[in-house]
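The values are calculated or read from the model by the stated rules, or taken from the named source; none is laboratory data. Predicted, not measured: the structure shown is a model, and the values here were computed from it. Here the Cβ positions follow ideal geometry from the backbone for every residue, glycine too, while neighbour counts run over all protein chains shown. To get the accessible areas, we keep the full protein, side chains included, count just its heavy atoms, and leave off ligands, DNA and RNA. Shrake-Rupley method; radii C 1.70, N 1.55, O 1.52, S 1.80 Å.
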Amino acid sequence: MKPKSLILPLLTGLLMAGAAIAQDAPDAFQKLSDEFTVVWRKWSADKTGAQRGKTDESELKRILDAEPTPKYIPRFQAGAKQHKGTNEAIPYLGWLVSWGGTAANDALDQLAHDHIQHAQMSRIVFSIALKARRSGFSRDQALAFQSQVASKTKDPKIKADALFWRAYVITGTESSDTEKKQSLQDLAVAVELGDKRTKQRAKGLLFELQNLQIGMVAPDITGKDLDGVEFKLSDYRGKVIMLDFWGDW
Amino acid sequence: MYPHERSLVAQLKDKPFALIGVNSDKDLAKVRKIKAEKSLTWRSFWNGPQGMLGPISTAWNVEGWPTVYVIDHQGVIRHKNVRGDKLDEAIESLIEILDK
């Protein structure tokens, strides 16, 4: 049984976030992004092949060192610089946020400074939330950007997204009680303002914060077992329960 | 994970302990077959034909599988997503309190 996540399919799409953001962007970005995607996939396949096969250590090291992202970062930075201040810079900056490593911070600053009203901020607050939860990105940096979007955007739906994904980072990382308390309020706002999907997500997270924390009485479950017999979680009160959400994948 | 679950259930069979699953496979017939073949003796809720988007995992805001909660004899959530030896320890220490 392998771990499986609903977020993962989203993330796979996100890996190509630069490309996705590029939908309305001019060809130069698209071309560069496509080129990178091809090169990266090839490298990734080579790496997997080498790790599975009986590759000697120096050859494996050579392949690992040939990771193509560092070569591309300056090219995307150049694109962002060339189009600085215009919407055409956004896909380059989005790519840098996803792939840029330490260059992501500058890209975020640029986005906050020049593009905070743009609809793509919805995607950026989401992509950094996932990365912050998996420690692929500084938590505080992600929260700071999300807060800026939430407070400055004029679009209530984007505000809802920023608030939701900030609460998502706060609940998934080590956070203070003040942050958690704030998250409850923010999620209530996200439920109010968000589009259908954000509303639903915010409701779920709100429920988790209010009912599924350590020290809280677990909500009861009523349902049928695999043989169709109805039972309740509370039927097992008096025993220690390991509740295991599983699937055979 | 099955071997771990099986050994937990076997090891704690005389203790006040229950492993309750929430199965999120869409195909009920397939799960029944797996349950028989792999001798999964513990009881599971079925999350329904929508699989991972079924009502129980949605209500519990589950986004990753497996997700594990450890609940004490009074129904209080005591641990979330502990794994491996830590999971065994968490369960055993809660049972120990009960045994006293």
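The table below lists the values:
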{"quantity": "For segment A:137-217, Kirkwood radius (reciprocal of mean inverse C-alpha pair distance, Å)", "calculated": "12.6 Å"}
{"quantity": "Charge sum, other residues only, whose C-beta stays under 12 Å from A:Gln110's C-beta, Lys/Arg counted +1 and Asp/Glu -1", "calculated": "-1"}
{"quantity": "Given charges at Cβ of Lys, Arg, Asp, Glu: the protein assembly as shown dipole, positive-most of B:Val9, A:Gly53, A:Leu226", "calculated": "A:Leu226"}
{"quantity": "Folded to 0 to 90 degrees: helix A:69-82 orientation relative to chain A principal axis, Cα", "calculated": "70 degrees"}
{"quantity": "Cβ neighbours within 10 Å from other chains - mean over B:40-46", "calculated": "6"}
{"quantity": "Cross-link table A:Lys71/A:Lys154; A:Lys54/A:Lys131; B:Lys35/B:Lys86; A:Lys196/B:Lys33; A:Lys224/B:Lys80, entries beyond 30 Å C-alpha to C-alpha", "calculated": "A:Lys71/A:Lys154; A:Lys54/A:Lys131; A:Lys196/B:Lys33"}
{"quantity": "Rg [Å, one decimal], Dmax [Å, integer] - chain B, C-alpha atoms", "calculated": "14.2, 43"}
{"quantity": "Local electrostatic count at A:Thr48 - Lys and Arg +1, Asp and Glu -1, tallied over other residues with Cβ under 12 Å", "calculated": "+3"}
{"quantity": "Local net charge near A:Gln213, Cβ-Cβ under 15 Å (Lys/Arg +1, Asp/Glu -1)", "calculated": "-1"}
{"quantity": "Of all accessible heavy-atom area on segment A:123-249, the percent that carbon and sulfur account for (1.4 Å)", "calculated": "48 percent"}
{"quantity": "Helix B:28-37 vs. chain B, principal-axis angle (Cα, 0 to 90°, nearest 10)", "calculated": "50 degrees"}
{"quantity": "Rounded to the nearest 20 debye, dipole of chain B from Cβ charges on Lys, Arg, Asp, Glu", "calculated": "380 debye"}
{"quantity": "All-pairs alpha carbon distance profile, segment A:108-249, 5 Å steps from 0, percent", "calculated": "2, 10, 17, 18, 15, 12, 9, 8, 6, 3, 1, 0"}
{"quantity": "Listed residues B:Ala29, B:Trp46, B:Pro66: farthest to the positive end of the dipole of segment B:22-66 (Cβ charges)", "calculated": "B:Ala29"}
{"quantity": "Interface size A-B, as summed buried accessible area [1.4 Å probe, Å², nearest 100]", "calculated": "5000 Å²"}
{"quantity": "Student exercise, chain A dipole from Lys, Arg, Asp, Glu Cβ charges, in Debye to nearest 20", "calculated": "120 debye"}
{"quantity": "Helix A:89-99 vs. chain A, principal-axis angle (Cα, 0 to 90°, nearest 10)", "calculated": "60 degrees"}
{"quantity": "Hull shadow area, averaged, segment B:1-51 [alpha-carbon convex hull, nm²]", "calculated": "3.5 nm²"}
{"quantity": "Gain on full stretching of the segment that runs from A:Asn87 to A:Ala144 - 0.36 nm per residue minus C-alpha separation", "calculated": "18.3 nm"}
{"quantity": "1.4 Å probe accessible area per residue over chain B, in Å²", "calculated": "49 Å²"}
{"quantity": "Relative frequency of Cα-Cα separations exceeding 31 Å in chain A, percent", "calculated": "38 percent"}
